Amino acid sequence: MSSAEPTPFSTHQIDLAALLETYGSPLYAYDGATIRRKAGELKQAFDGIDLKIKYACKANTNLAILRLMREIGVELDVVSPGELEMGMIAGYNASQITFTPSGVPFEEVRSAVDAGAIVNVDSIPLLEWFGQTYGNTKPCLIRIKPNVAAGGNAKIMTAHADSKFGISVLMLDEVLEVVKKYDIKIVGLHQHTGSDIKDAEPFLKVADILFEAAKRFPDLEIIDLGGGFKVSYLPGDHVTDMELLGKNISERFNTFCNEYGRKLQLWFEPGKFLVSESGFLLVKTTVVKEDPARNFVHVDSGLNHLIRPMMYGSYHHILNISNPGGPLKTYNVVGYICETDTFATDRELPEVRQGDVLAFLNAGAYGFTMSSNYNARLRPAEVLVDNGNARLVRRRETLEDLLKTQMDI
Ligand SMILES: Cc1ncc(COP(=O)(O)O)c(C=O)c1O
Ligand SMILES: N[C@@H](CCCC[NH3+])C(=O)O
């Protein structure tokens, strides 16, 4: 089975230049219409299935985006007490939130359960603790590691045998022993294979593994297949064919439910799929440096604002929105941080002049949330354009914000 044909690239309808002019540089800008469209595509692909979308909000926790998700009927997947709290501030009831920890202190699980969230238990020691603490009084899901390697790069594959995440599917006997010992109420099985998964095969493979495992748990209500759908990062990129994937998984899921003897809910936890394409990091060119080896374009940003190119070697498409019709030249686009923070190598762009505004695409997921204050640099503001209105949804940081936690001033 092949992946989808390339999708039209960057179909946003927001005026990026005007936003930068109004709110200053650097700036994260999000297009609400794109988020609504992507959620609609996912729902459409699983039409007829009892589907719940649990947005993996580590991708972007801006409260305005969480509120938008809530408005369109998308629930939440969180990985920390901080994300849980943000979800509740955005108006979610804790019962709409899944806590998917990764080796966290058990007290964090206690506070999530006490708040009313449901937990994906990710280790046998946590399962033991859960049983001792709650017996059969609180439901939980179990995060299974299916031992399947898939994802855009090694760092974002989370279900292969060597990955730290979840309980190996080879340990089901041990899991069932602990479940029996404490009469734990297992209502769901969960898995998350990785991020940036283009082909349908890994999704189908892990679904089959999870369905097989599920037959050993008689009281399930939920199968949670995680996130990881690939979006288009570069023009012509092949992406997950959501329509085809929906059809194939739905068929298998229905067959499984018939064999299981009950209709279950199907959950997904997409992050990137919902928000990546909605976001732009807008920056200004500080210096254009012609070097015998390279032409460098420096911008007023760096790995402190968008670390994906440096951390994963990820491609982010760049537009020169000040000079779109300029003659094409080849550049290394680099940041202002005192590290080698290269956004793009040998990138062809319409001629870049000092002061030009560049837009990094696909900055809606794992952009701001992975940002830092390295080099005592401040984080950008964030703007959401939705229903025809642009709204500042996070102000630019100030030096006072940076100094707030220091004791020696
Ligand atoms: C448990 C879990 N669910 C969902 C996601 C979302 O992944 P993606 O943004 O690729 O959809 C992640 C991130 O890797 C994750 O760890
Ligand atoms: N942060 C990753 C995706 C999520 C990884 C977490 N398991 C990225 O930007 O691609």
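The values are calculated or read from the model by the stated rules, or taken from the named source; none is laboratory data. Quantities reported herein were computed from a predicted structural model and do not represent experimental measurements. Backbone-built Cβ (ideal geometry, glycine too); neighbour counts: all protein chains shown.
Which condition number does V352 fail, the rest of (1) surrounded by 13 or more Cβ atoms within 10 Å (Cβ to Cβ); (2) under 26 Å from the mean Cα position of the chain (by Cα); (3) part of a loop (DSSP other than H, G, I, E, B); (4) not small (G, A, S) being met?
(2)
Hey, can you tell me all the residues within segment 359-409 that are touching a residue at least 40 places away in the same chain (Cβ under 8 Å), polar (S, T, N, Q), surrounded by fewer than 20 Cβ atoms within 10 Å (Cβ to Cβ) and part of a loop (DSSP other than H, G, I, E, B)? Outline the logic, then answer.
Step one: filter segment 359-409 for residues touching a residue at least 40 places away in the same chain (Cβ under 8 Å), giving 359-375, 377, 379-387, 390-394, 396.
Add one more test, that the residue is polar (S, T, N, Q), and what stays is 362, 369, 371-373, 375, 387.
From the residues that got through so far, the ones that are surrounded by fewer than 20 Cβ atoms within 10 Å (Cβ to Cβ) too are 369, 372-373, 375, 387.
Result: S372, N373, N387.
Working carefully through the options I53, I14, I49, find the one that is surrounded by 18 or more Cβ atoms within 10 Å (Cβ to Cβ) and modelled with pLDDT under 95. Step through it out loud before you land on a result.
Working: I53 fails: modelled with pLDDT under 95; I49 fails: modelled with pLDDT under 95.
Testing whether each residue is surrounded by 18 or more Cβ atoms within 10 Å (Cβ to Cβ) and modelled with pLDDT under 95 leaves just I14.
Only one of D196, D208 is more than 18 Å from K138 (Cα to Cα) and buried (at least 17 other Cβ atoms within 10 Å of the Cβ); which? Step through it out loud before you land on a result.
Values: D208 fails: buried (at least 17 other Cβ atoms within 10 Å of the Cβ).
Testing whether each residue is more than 18 Å from K138 (Cα to Cα) and buried (at least 17 other Cβ atoms within 10 Å of the Cβ) leaves just D196.
With the condition being within 16 Å of ligand 1 (Cβ to nearest atom), modelled with pLDDT under 95 and under 22 Å from L204 (Cβ atoms), I'd like the helices (runs of 4 or more DSSP H) fully within segment 223-324 carrying at least 1 qualifying residues. Don't jump to the end; show me each part of the working.
Numbers: elements: 242-260, 272-275, 308-312.
Output list reads 242-260.
List every residue pair whose Cβ atoms lie under 6 Å apart, where the two residues are 6 or more positions apart in sequence or sit on different chains, the first residue falls within segment 242-267 and is more than 17 Å from E212 (Cβ to Cβ), and the second residue, located anywhere, is among the charged types (D, E, K, R) and part of a helix (DSSP H, G or I).
That search, which allows pairs on different chains as well, returns M242/E41.
Could you please tell me which pairs satisfy a Cβ distance under 6 Å, a separation of 6+ or placement on different chains, a first residue in segment 187-213 that is at pLDDT 95 or above, and a second residue that is part of a strand (DSSP E or B) and charged (D, E, K, R)?
Matching pairs, first to second residue: G188/D224; H190/R143; H190/D224.
Any chance segment 47-67 includes a residue that's free of Cβ contacts under 8 Å to residues at least 12 places away in the same chain, away from ligand 1 (no atom under 13 Å from the Cβ) and not hydroxyl-bearing (S, T, Y)? Break it down stepwise before answering.
If we filter segment 47-67 for residues that are free of Cβ contacts under 8 Å to residues at least 12 places away in the same chain, which is where we start, we get none.
Looking through segment 47-67, none of the residues is free of Cβ contacts under 8 Å to residues at least 12 places away in the same chain, away from ligand 1 (no atom under 13 Å from the Cβ) and not hydroxyl-bearing (S, T, Y).
Taking the residues in segment 68-107 that are among the charged types (D, E, K, R) and surrounded by fewer than 17 Cβ atoms within 10 Å (Cβ to Cβ) as candidates, determine which candidate is farthest from the chain's Cα centre (by Cα).
First pass over segment 68-107, keeping only residues among the charged types (D, E, K, R): 70-71, 75, 77, 83, 85, 107.
If we keep only those that are surrounded by fewer than 17 Cβ atoms within 10 Å (Cβ to Cβ) as well, we get 71, 85, 107.
Working: E71: 19, E85: 18, E107: 25 Å.
Checking each candidate, the answer is E107.
Exactly one condition in (1) away from ligand 2 (no atom under 16 Å from the Cβ); (2) at negative phi is not met by H305; state its number.
Of (1) away from ligand 2 (no atom under 16 Å from the Cβ); (2) at negative phi, only one is false for H305: (1).
In segment 131-159, which residues are farther than 13 Å from S195 by Cβ and out of contact with any strand residue (DSSP E or B) (no Cβ under 6 Å at 6 or more places or on another chain)?
G131, Q132, T133, Y134, G135, T137, K138, P146, N147, V148
From the list V119, V169, V104, V113, which one is hydrophobic (A, V, I, L, M, F, W, C) and farther than 25 Å from C57 by Cα? Lay out the reasoning, then the answer.
On the way: V119 fails: farther than 25 Å from C57 by Cα; V104 fails: farther than 25 Å from C57 by Cα; V113 fails: farther than 25 Å from C57 by Cα.
Just a single option satisfies the conditions, and that option is V169.
Looking only at residues that are of a type in the set (G, A, S) and under 15 Å from S276 (Cβ atoms) in segment 355-389, which one is farthest from ligand 2 (Cβ to nearest atom)? Walk me through how you get there before you give the answer.
First, pick out the residues of segment 355-389 that are of a type in the set (G, A, S): 355, 359, 363-365, 367, 371-372, 376, 381, 388.
Subsequent filtering for residues that are under 15 Å from S276 (Cβ atoms) retains 359, 363-365, 367.
Values: A359: 18, A363: 10, G364: 11, A365: 7, G367: 8 Å.
Restricting to residues being of a type in the set (G, A, S) and under 15 Å from S276 (Cβ atoms), the top hit is A359.
Conditions tested, residue by residue: (1) within 14 Å of ligand 1 (Cβ to nearest atom); (2) in the same structural domain as L127 (by TED's automatic domain parsing); (3) among the hydroxyl-bearing types (S, T, Y).
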residue: S163; (1), (2), (3): yes, yes, yes
residue: S168; (1), (2), (3): no, yes, yes
residue: D173; (1), (2), (3): no, yes, no
residue: K180; (1), (2), (3): no, yes, no
residue: V187; (1), (2), (3): no, yes, no
residue: Q191; (1), (2), (3): yes, yes, no
residue: I197; (1), (2), (3): yes, yes, no
